[in-house]
Amino acid sequence: MAANNNKTVLLITPSLVIARGLESIFSDLGEFEISGILTDLSRTSELRIKNIAADVIIIDPTIFDFTSRTEVHSSILQDTDAAVVAIPSILMSEEALKQYDEVISIYDEPTAIIRKLRSAYDTRNDSPKSNDEQLSDREKEILVCVAKGMLNKEIAHKFNISIYTVITHRKHITRKIGIKTVSGLTVYALLNNLIDINSFE
């Protein structure tokens, strides 16, 4: 039985071999435990993602068709705040994999897998959690960039962080101030003196 302080993992893969292999690694090395296993992302599975409070989601992107593989991460983020890690069972493009916080190879050593999961979990928790509605300094910086029309990829490059971290910051901003649209965020930034109207060209 896993220790209570272990981080929980939701595994989404059609491969029983991968599922059992990861279960064995977690059992041997500790720190993580599997809280649920899904073989697809049907409507029923999507409901389970919302109900399973996992710290990390490990997903085989090949369960998505080729055209939607580059949108996997953002679609999962609609339902959870967990870190999302890819474990592709076939060779995939760098473009499709860069959306994930980490990528596990089926050839990785067990200790490397644990290290990558720890990194993904730590990245997710980099954003300050607050019970009030105050934005952190980094969230304000991200908000200003969004208000100026920068794309997630551009923001990630500017601050040398992953696109996943940018998306996580944006989710925290939306949760704290209740505004989702870029125009709404721009108005908020102007009203709170985060940007000067003269900065828009």
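The values are calculated or read from the model by the stated rules, or taken from the named source; none is laboratory data. If you're wondering where the values come from, they're calculated on a predicted model, not measured in any experiment. SASA here: full protein model, heavy atoms, side chains in, ligands and nucleic acids out. Shrake-Rupley method; radii C 1.70, N 1.55, O 1.52, S 1.80 Å.
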Of the residues 140, 158, 176, which is among the charged types (D, E, K, R), more than 28 Å from residue 34 (Cα to Cα) and open to solvent by 80 Å² or more (accessible area, probe 1.4 Å)?
158
Would you check if there is a residue in the stretch 59-72 being of a type in the set (Phe, Trp, Tyr), open to solvent by 10 Å² or more (accessible area, probe 1.4 Å) and modelled with pLDDT under 60?
yes
Against the conditions (1) hydrophobic (A, V, I, L, M, F, W, C); (2) open to solvent by 50 Å² or more (accessible area, probe 1.4 Å); (3) modelled with pLDDT of 75 or more, where does residue 47 fall short? Just the number, please.
(3)
